[in-house]
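Reading through the structure tokens given below for one structure.
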Amino acid sequence: MLLSYIYGGIRPILRYEYTGSHLSELCSKLDEILVNFNDAKNTGNSFDAAFYIERLYDALVNTLRAGVKAFVPRAKKNYYKFWWTEELDLLKQDSIDTN
């Protein structure tokens, strides 16, 4: 079912919904961390900011990787340009060099 959404073009907005929902969860976690940080600062308690930053960073990277895995099609090099030839590469380079 999910693949029909991704590759069938039925709902191309699905990838935005995926990242939006997962990133909003991370924003909520960040809000909680900031509240805890302010509480610790106001009470003079210690707060291990590096620990929370690393956890949020890891969660962000994992969310983006999962989104890529789910929604970015994988294809071999030149899959979409099977018609592109070495002669066209030379013509393209000539055009770049003269302009």
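May I ask you to verify whether Asp31 is assigned to a helix (DSSP H, G or I), under 17 Å from Gly20 (Cβ atoms) and more than 18 Å from the chain's Cα centre (by Cα)? It is true that Asp31 is assigned to a helix (DSSP H, G or I), under 17 Å from Gly20 (Cβ atoms) and more than 18 Å from the chain's Cα centre (by Cα).
In the stretch 58-88, what residues are of a type outside the set (Val, Ile, Thr), part of a helix (DSSP H, G or I) and exposed (fewer than 11 other Cβ atoms within 10 Å of the Cβ)? Asp58, Arg65, Lys69, Glu86, Glu87 - these are the residues of the stretch 58-88 that are of a type outside the set (Val, Ile, Thr), part of a helix (DSSP H, G or I) and exposed (fewer than 11 other Cβ atoms within 10 Å of the Cβ).
Since every read-out is calculated from the coordinates, none of them should be taken as a lab result. Not measured: the values here are computed from a predicted model. A quick note on method: Cβ atoms are made from the backbone with ideal geometry, for glycine too, and the neighbour counts reach across all protein chains shown.
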